[in-house]
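**Student:** Okay, handing you the structure first.
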Amino acid sequence: MSGPGYPSPQQPPYPMPQPGGHSMAPYPMGGYGDPGYVAPPAGFQVGYQPVPDQPVMYQPGPVSPALQQGQPYGAPVAAPVSVPAGVPPGLEYLTQIDQILIHQKVELLEAFIGFETNNQYEIKNSLGQKIFSAKEKNDCCTRNCCGALRSFDMKIKDTADREVIRLIRPYRCVSCWCPCCLQEMEVQAPPGTTIGYVKQDWHPCYPRFSIQGANKETMMKLEGPCLACNCCGDVNFELKGKDGSGKPIGRISKQWSGLLKEVFTDTDNFGIQFPLDMDVKMKAVLLGSCFLIDFMFFEKVGDTNQRNTVFS
């Protein structure tokens with residue numbers, strides 16, 4: 001199974017579900033929409049050229065008549081789309097997609113003088129359209145003294161600048177030699193309402209995580225390679241069922257960003273792939289696990305090298 005990534009201009013985008021029409025088949029099966037449609041190659045290709053930032057035109061959910069009346073003549077109007085019950089506000093769009101792209105912004109101050117700043121990310125759909133933004137909230141002392149192990153709150157906002165997800169990471173140990181205090185992250189959506197957790201599982205060699213629900217019941221497992229080092233290639237963390245066996249049902253991929261970016265900055269590109277019909281709350285928790293993986297294995301602070309294994 002090929003990991004998700006940034007699409008090339010020559011590759012046709014994955015079709016999105018149309019209001020009142022046919023929806024995509026659940027991952028990883030083929031058959032996107034129209035029977036005559038020829039499926040693109042699995043995954044996305046490297047070499048993505050981003051399109052100009054623009055909000056997603058059609059968002060699910062009913063549209064207020066007042067907003068429709070205020071639009072200029074001929075402007076496209078979002079049609080109402082039925083949304084499953086229990087979807088946290090602001091996450092309705094996640095019900096329509098099975099892939100997410102995450103791009104960390106380059107911080108010039110951090111790149112030139114090595115002064116650690118709050119990490120910022122853009123979260124996009126498979127077409128390169130921005131759907132969310134994420135920013136770490138932390139103090140200067142914690143960032144530069146605790147490094148990649150630092151605790152933080154991360155706010156994820158939609159295109160209307162409304163906070164829809166909050167990630168809370170407490171300070172935890174870094175090595176698998178301390179199995180009683182491994183990494184953990186709480187995911188809230190909306191802020192103040194816990195929908196799940198990401199918890200590191202002890203293993204002597206492999207990075208493993210449990211994707212848990214609000215009551216800390218294990219829903220899925222996430223397993224990475226023994227050496228999480230992307231030397232001219234992608235690093236894949238496979239998503240499996242709650243017992244950790246069987247074929248992968250999804251993937252988080254740390255994508256190779258090029259030699260200069262990998263050596264001189266800690267800006268990262270990630271792709272997340274999951275079943276289309278997955279519970280939207282678990283999609284949000286999986287999104288949070290991607291940020292935890294980034295901090296654990298790919299965050300560089302000053303002259304400190306990134307961590308590659310559960311031992312370092």
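The values are calculated or read from the model by the stated rules, or taken from the named source; none is laboratory data. What you see is a predicted model, and the numbers here were worked out from it, not measured in a lab. Every residue, glycine among them, receives a Cβ derived from its backbone with ideal geometry; neighbour counts consider all protein chains shown. Protein only, heavy atoms only, side chains kept; ligands, DNA and RNA dropped before computing areas. Shrake-Rupley method; radii C 1.70, N 1.55, O 1.52, S 1.80 Å.
**Student:** Search the structure for amide H atoms under 5 Å from the amide H of Asp277, placed 1.01 Å from N in the peptide plane, and list their residues when 5 or more places away or on another chain.
**Tutor:** Tyr27
**Student:** Residues with beta-carbon under 11 Å from that of Leu182, excluding Leu182: net charge, scoring Lys, Arg +1 and Asp, Glu -1?
**Tutor:** Details: positive: Arg172, Lys199, Arg208; negative: Glu184, Asp201.
Taking every Cβ under 11 Å from that of Leu182, the sum is +1.
**Student:** I would also like to ask the following. Between Thr159 and Ala214, what length in nm is gained on full extension when 0.36 nm per residue of separation is reduced by their alpha carbon distance? Intermediate values should be presented prior to the final figure.
**Tutor:** Details: separation 55, 0.36 × 55 = 19.80 nm, distance 2.63 nm.
My answer for the length gained is 17.2 nm.
**Student:** Ile165's amide H: which non-local residues (gap 5+, or another chain) put their own amide H closer than 5 Å, with H modeled 1.01 Å from N in plane and none for Pro or chain starts?
**Tutor:** Ile156
**Student:** Roughly how much of Tyr206 is accessible, in Å² to the nearest 10, using a 1.4 Å probe?
**Tutor:** Surface accessible to solvent at Tyr206 totals approximately 90 Å².
**Student:** Can you compute the modelled spin-label distance between Cys205 and Val106, with each label point 7 Å from Cα toward Cβ, in nm?
**Tutor:** Calculated label separation equals 3.8 nm.
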